[in-house]
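Comments concern the structure below.
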Amino acid sequence: MIAYAAPALPAATLGLPLLVYLPAYYAGATGLSLATIGTVLLIARLWDIGVDPAIGFLSDRTRTRWGRRKPWLAAALPVVLAASYALFFPPEDAGAGYLLGGLLAVYLGWSMLQIPHLAWGAELCADYHGRNRVAAWRESLTVIGVVLASALPSILTSGDGRPPEEAALQALFWGNLVLLPLAGVALLVLVPEPQAVPPATRSGFREGWALLRANAPFRRLLIAYSINGVANALPPTLFLLFAQDVLGAGGQAGLFLVLYFVCGLASVPFWTAQAKRWGKHRAWCGAMILNCLFFLPVPLLGLGDGAWFAAICVATGLCYGADLALPVSMQADAVDVDTAKGGAARTGLYFALWSVATKAALAIGPALAFPVLEAAGYRRNSGTEDGLFVLAALYGFVPIAFKAAAVAVVWNFPLDAAAHARLRAAIDLRRPGI
């Protein structure tokens, strides 16, 4: 499990900066407007939406003596490192085109790494509750990576006048130049790939697409996850702006992030235990409801309320553990609906669509928030009263509305432990040698 999950840690330390640090860094270092940066991020995410299904589809159909997933992960490592170097070390005259090119390359390499990695994890364990363990290992190392990335701006000091965001981005790159290849080698050498389940009949694209569209649990889960993804994307997109301009606690931003993610990591065992008791979907719903209640006071905070915000970070972080482990485990169960009906174990394609939903939600966050902030008169470090109010509302109230909608969609999710056991029995009859 450690060898399988290992690449998640360095990948997370590269992923967080793209969402939290990079917009603020490019806005200060290059002079690009928030609206321009939001547009560039949206275009890059749209590129992701096109690339991910292709990688998932090709990954499922890859046949080598090393397996289906390993060649993709081996090829992804140099792409991610080269592209992140270009993005985190921009020239002084870098503009929107440079930012877009760097993002397109990073997202390509990231998709080549992440989608086969997720699909491989779903195939490692077929048990309903055992999949929570696989997801918990991977997502826990992801959180550790996020915590390391979150703490860097508070730890690092720059003697040459650089902002902490720039120092953090470049330190993260040098760390990953060592960690990512080491983790990749451990994964490729030590972790086996299970043999794929063959399709029940030879079918073309049309038949395969019909099976996918008929997968009702997958459709419901994807909708709920996408809605919840928008709720989760807005706060990190606006986090630094909220901490600096609303709370006046920009210097404590790293501490807030560390509190949130450490509590999320600590709560993963609790939520996996609740999933065994209540089922995955009900445990996830309970966490989202609690998160909404804890987040309600956030838009009412102002200058000097850093201690209150820290308490809210702890409370909502304790709910975040459910978001980490349970939805991706439920997604692995939903793939089994397709396989049981005759599909060809198209785990890569399903997780590619899952990745598309994740990235689309992340694109909606800045695409929605930054133009609204600019229209409201908000400017970094000099926002009007109306602009600050809009910033607080986007940060607090809007995510609550999206999470409430996600709860309504997933509350009666049809795949519980008993239903999944029936699916696995049907799938096992088609395994080679059975």
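Laboratory data are not the source of any read-out in this text; all were calculated from the coordinates shown. Computed from a prediction, not measured in an experiment: that's the story for all the values here. All Cβ positions, glycine included, derive from the backbone under ideal geometry; neighbour counts span all protein chains shown.
If packing is taken as the average count of other Cβ atoms within 10 Å, what order do 120-133, 53-66 fall into, highest mean first? Before the final figure, lay out each step's value.
Values: 120-133: 20.4, 53-66: 15.9.
Per-residue Cβ counts within 10 Å, averaged per peptide and sorted highest first, yield 120-133, 53-66.
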Task: Highest-first arrangement of 23-33, 304-314, where packing means the average Cβ count within 10 Å - done: 23-33, 304-314
Task: Residue-span extension gain [Leu100 to Ile49] - 0.36 nm each, minus C-alpha spacing - done: 16.9 nm
Open item on the list: From the Cα trace of segment 321-369, what convex hull volume per residue do you get, rounded to a whole Å³?
Closed with: 75
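Using just the Cα positions, wrap the chain in a convex hull and report its mean projected area in square nanometres, one decimal place.
Numbers: hull surface 78.8 nm².
Average of the hull's projected areas for the chain equals 19.7 nm².
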Open item on the list: Could you compute the net charge surrounding Leu415? Neighbours are other residues with a C-beta less than 14 Å from the C-beta of Leu415; K and R count +1, D and E count -1.
Closed with: +3
- [ ] Report the label-to-label distance for Ala417 and Ala3 in nanometres (one decimal), using points 7 Å from each Cα along the Cα→Cβ vector.
- [x] 3.0
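Mind ranking 214-221, 283-290 by how tightly packed they are, going by the mean number of other C-beta atoms within 10 angstrom, highest first? Mind showing how you got there, number by number?
Details: 214-221: 18.1, 283-290: 21.2.
Highest-to-lowest ranking by the protection proxy: 283-290, 214-221.
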Open item on the list: If the only charges are +1 at each Lys and Arg Cβ and -1 at each Asp and Glu Cβ, what is the size of the charge dipole of the chain around the Cα centre, to the nearest 20 debye?
Closed with: 1880
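Tell me, Leu391, Leu188 in order of fewest to most beta-carbon neighbours within 10 Å?
Values: Leu391 22, Leu188 18.
Ranked by crowding around the Cβ, least crowded first: Leu188, Leu391.
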Task: 222 nm mean residue ellipticity, helices alone, for the chain (DSSP H n ≥ 4; -39,500 (n - 2.57); rounded to 500) - done: -26500 deg cm²/dmol
- [ ] Extending each Cα 7 Å along its Cβ direction at Ala186 and Ala408, get the distance between those two points in nm, one decimal.
- [x] 4.4
Open item on the list: Can you report the principal axis dimensions of segment 48-91 using only the alpha carbons, biggest first, rounded to whole angstrom?
Closed with: 41, 24, 7
- [ ] Quick one: order Lys70, Lys280, Lys403, Lys341 by neighbouring beta-carbon count within 10 Å, fewest to most.
- [x] Lys341, Lys70, Lys403, Lys280
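I'd like the FRET efficiency for Leu296 and Lys276, computed as 1/(1 + (r/R0)^6) with the beta carbon distance as r and R0 of 51 Å, rounded to 0.05.
Here the calculated transfer efficiency is 0.95.
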Task: Point-to-point label distance, Ala29-Ala311, nm (Cα→Cβ direction, 7 Å offset) - done: 3.8
Task: Residues Arg213 and Leu429, FRET efficiency given R0 of 22 Å [Cβ-Cβ distance, rounded to 0.05] - done: 0.35
- [ ] Within 10 Å of each residue's Cβ, count the other Cβ atoms and sort Val258, Val337 from fewest upward.
- [x] Val258, Val337
